[in-house]
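To keep things clear, I will list the structure first and then write my remarks on it.
Any read-out appearing in this document is the output of simple, stated calculations on the displayed coordinates, not a laboratory observation. Everything quoted here is computed from the prediction, not taken from an experiment. Cβ sites come from the backbone with ideal geometry, for glycine too, and all protein chains shown count toward neighbours.
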Amino acid sequence: MASKPKIVIIGGGFGGLWAAKALAKKNVDVALIDRKNHHVFQPLLYQVATAVLSPGEISQPIRRILQKYKNIEVILGEVVDFDKENNEVILGDKARVKYDYLIVAAGACHSYFGHEEWERSAPGLKTLEDAVEIRRRVLLAFELAERDAYLQGEHKQLNFVVVGGGPTGVELAGAIADIARQVLANDFKAIDTRKTHVTLYEGADRVLSAFDKKLSKSAKKQLEDIGVEVKLNSLVTEIEPGRIKVGDDWVDCDVVLWASGVKASSLGKKLGVETDKAGRVPIEKDLSLKDHPNIFVIGDMASLKQENGDPVPGVSPAAMQMGTQAAKNILNDIAGRSREDFKYWDKGTMATIGRSKAIAQLGALKLSGFFAWCMWLFLHVFFLIGFRNRLAVMSDWFWAYVTRERSARLITGDAEDMREGVEFIQAARLKKNTKKADDNDKI
C-alpha cells in the first residue's frame with residue numbers, strides 16, 4: 001500500500017494550528033514542529049503583562065489541542081535550516097524530518113531597527129516569557145518606590161514609557177495607567193500610585209494608524225482620559241538603562257516597554273529567497289514559494305498583496321485564513337484538483353484601551369467606547385482555545401471589572417533578579433547627576 005503524503009508544519013501559532021486542523025482526519029500524515037510545547041493566544045499577552053490573567057489562561061499545550069487527531073504528530077524542536085533539494089527540515093540537533101509538503105508558519109519577533117542592544121532595557125511583547133518579564137518590571141517599580149519612600153522618606157515620581165502607538169502599545173499604556181490609578185491605589189501606604197506618569201511615544205502623527213482617522217483620534221482621547229500622555233511625531237532615537245532619548249532630549253523613566261516594530265522569523269532567509277526589509281518572504285497567490293510549489297509560507301512571515309494592492313496584514317485572522325487555505329491547496333494537489341488563490345477576508349480590527357474603553361472598525365461600522373469594548377471582550381473569549389480557558393478568563397475579567405482587582409499580581413524571580421530593575425534606574429540617575437555637576441562646573 002502506498003504511503004500517505006507527509007506534511008510538515010513549522011510553528012504552532014495561529015497559522016500553523018489552523019493548517020493542522022484543516023488537515024486533521026484527512027488521508028495524510030502531519031508533523032507539527034515547534035520549539036515551544038504550547039500555543040499562546042497572543043492578543044491577550046498584554047493582559048498577562050499587566051497582571052489581569054495568568055499565563056495558563058491564554059495558553060494551551062499544542063499536543064492537548066491536537067490530541068484527538070490520529071494523523072497529526074507534535075514534535076518539540078527548533079528548525080534551523082532547510083534542505084529543499086531532498087525535501088528535508090533540519091533541526092537544531094542535526095535531526096532531519098522528511099516532507100512531501102511544507103508549511104512554514106514561524107511567526108515574527110521584535111524589531112529594534114538595528115539596535116538589538118535596546119532589548120535588555122526595553123522588552124517587547126511576543127511570548128509568555130516577555131509578558132512575565134514585563135509584569136515583573138511593572139510591579140517591581142511600584143515595590144521599589146514604596147521601599148525607597150519607607151526607608152528614605154521620599155521617592156521620585158514613577159515614570160513608565162511605552163514606545164509605539166500600535167495596538168500593543170496602546171493596550172499596554174492604558175492597562176498600566178489603570179493599574180496605577182485604580183488597582184494599586186489602596187495597596188501602598190508610603191506612595192501615591194495615582195501620581196504615576198505614563199507616556200506613550202509614537203513616531204507618526206496619530207496612534208493606531210491602521211484605523212480610520214476618527215477612531216485614532218478617539219483612541220488618543222480615551223488614553224488621555226485615563227491619564228496617559230500621548231506624544232505624537234516623537235521618535236525614540238536612543239535607549240539606555242533608565243532613560244530614553246527623544247529628539248535631542250533625554251527622558252528619565254523607571255520602565256520602558258517596546259511596542260514599535262516587528263520582523264519576520266529569520267527562518268524566512270533560510271528558504272533561499274530574497275526577503276523584504278521586515279524579513280517577510282514573497283509568495284505566490286496560492287501561498288506557495290516561487291519555484292517550490294510544495295513549500296507554503298503563511299502568517300507574519302508571508303509577503304502577499306491583496307487584489308486592491310494592499311498587503312495582507314500581519315494579524316491573527318489573516319494567519320488563520322492562510323493556514324486553512326494552504327492546507328486546502330495541498331489537499332487539492334493530492335486529489336488532482338486545481339489550487340485556489342488566497343483571498344483575505346477582512347473581518348475588522350479592534351483595540352482595547354482600558355476599562356470599558358476600546359475602538360472597533362468592521363468595514364463601514366466604526367465603534368468606540370463601551371460598545372466596542374464589549375465586542376472586543378466577546379470575540380477574544382470566543383477565539384480562546386479550550387473551554388476551561390474561556391471560563392477562567394471570563395471569571396477573571398468579571399472579577400477585575402467589578403472589584404478592580406488583578407488576580408495575577410506576582411513578581412517572579414529571586415532577590416538578585418529583582419534588584420536588576422534598580423540598576424537601570426540608578427545608572428540613569430548617575431548620568432543625570434554627573435551631567436548636572438559638569439554644567440555647574442562650566443558656570
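Summary table
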quantity	calculated
Listed residue pairs exceeding 22 Å between alpha carbons, taken from Lys4/Lys328; Lys245/Lys269; Lys195/Lys221	Lys245/Lys269
Candidate aspartates and glutamates for bridging to Lys25, where Cα separation is under 20 Å - those fewer than 8 sequence places away on the same chain excluded	Glu73, Asp100, Asp333
Fluctuation leader among Asn294, Asn186, Asn71 - the chain, Gaussian network, Cα springs under 10 angstrom	Asn186
Fewest-first sequence of Phe378, Phe41 by Cβ atoms within 10 Å of each Cβ	Phe378, Phe41
Fewest-first ranking of Val48, Val312, using other Cβ atoms within 10 Å as the exposure measure	Val312, Val48
Candidate aspartates and glutamates - alpha carbon under 13 Å from Lys70, same-chain residues fewer than 8 apart omitted	Asp29
Neighbour-count order for Trp345, Trp18, fewest beta carbons within 10 angstrom listed first	Trp345, Trp18
Label-point separation, Asp93 to Lys231 (7 Å along Cα→Cβ), nm	4.8
Restraint check, Lys270/Lys343; Lys36/Lys213; Lys126/Lys305, Cα-Cα greater than 32 Å	Lys36/Lys213
Sequence-separation-based contact order of the chain, relative, with Cα cut under 8 Å and 6+ spacing, percent	19
Cα-centred dipole magnitude for the chain, charges only on beta-carbon of K, R (+1) and D, E (-1), debye, nearest 20	1400
